[in-house]
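Take a look at the structure set out below.
The values are calculated or read from the model by the stated rules, or taken from the named source; none is laboratory data. Model, not experiment: these values are computed from the prediction. Counting neighbours? That spans all protein chains shown, and the Cβs are built from the backbone with ideal geometry, glycine included.
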């Protein structure tokens with residue numbers, strides 16, 4: 001369903017569980033970056049009204065997720081660590097050429113965001129199914145569903161933008177998705 005070529009190694013959960021403070025900090029920053037990506041899309045493509053509306057809702061949801069993860073960090077007596085570069089994201093960016101038309105740039109950014117959401121969804125599924133901490137597993141199950149919706153939204157918007165480019169219209173209705 002998510003279109004990922006390679007799954008995460010299931011042993012990743014064991015590593016994550018042993019480094020929960022780092023995983024939670026990384027997760028918090030990922031939520032923040034997702035909100036930042038949505039804001040960037042608003043700033044870069046304000047003429048796409050429906051995109052702007054979708055991204056406003058996404059910003060609110062992602063910052064809500066950041067708050068929830070931060071609360072878990074504090075409840076467990078941890079501190080929000082420092083943000084680190086994400087090797088997966090850095091490698092993913094290499095597959096998207098720079099430049100091109102505005103439409104091509106938008107499509108690339110939407111695909112990039114969709115892939116990140118898909119990987120998050122997959123990893124949250126693993127956490128929800130394998131964490132020994134059942135409360136945290138339930139939390140990740142809820143977020144897995146949310147990430148799947150984000151993936152679907154980004155990918156659907158991307159398809160609409162791409163079709164609109166071929167049809168000569170500025171933007172089709174997202175209601176068709």
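Scanning segment 93-142 for residues that are in a loop (DSSP other than H, G, I, E, B) and more than 19 Å from residue 12 (Cα to Cα) yields 94, 95, 96, 97, 98, 99, 100, 101. Against the conditions (1) over 20 Å from residue 146 (Cα atoms); (2) modelled with pLDDT of 95 or more, residue 69 satisfies every one except (1). For residue 29, the criteria (1) in contact (Cβ under 8 Å) with a residue 40 or more places away in the chain; (2) surrounded by 15 or more Cβ atoms within 10 Å (Cβ to Cβ); (3) in a loop (DSSP other than H, G, I, E, B) hold in every case but one, which is (3).
Flag not set for residue 46, criterion: in contact with a helix residue (DSSP H, G or I) (Cβ under 8 Å, 6 or more places away or on another chain), assigned to a loop (DSSP other than H, G, I, E, B), in contact (Cβ under 8 Å) with a residue 12 or more places away in the chain and surrounded by fewer than 12 Cβ atoms within 10 Å (Cβ to Cβ). Here 77, 81 are screened, and the one residue that is closer than 25 Å to residue 142 by Cα, touching a residue at least 40 places away in the same chain (Cβ under 8 Å) and more than 13 Å from the chain's Cα centre (by Cα) is 81. Restricting to segment 17-43, and then to whatever is within 16 Å of residue 144 (Cα to Cα) and more than 15 Å from the chain's Cα centre (by Cα), can you tell me which residue is modelled with the lowest pLDDT? The selected residue is 23.
Can you name every residue in segment 67-90 that is over 10 Å from residue 24 (Cα atoms), assigned to a helix (DSSP H, G or I) and touching a helix residue (DSSP H, G or I) at 6+ places or on another chain (Cβ under 9 Å)? Correct list: 67, 68, 88, 89.
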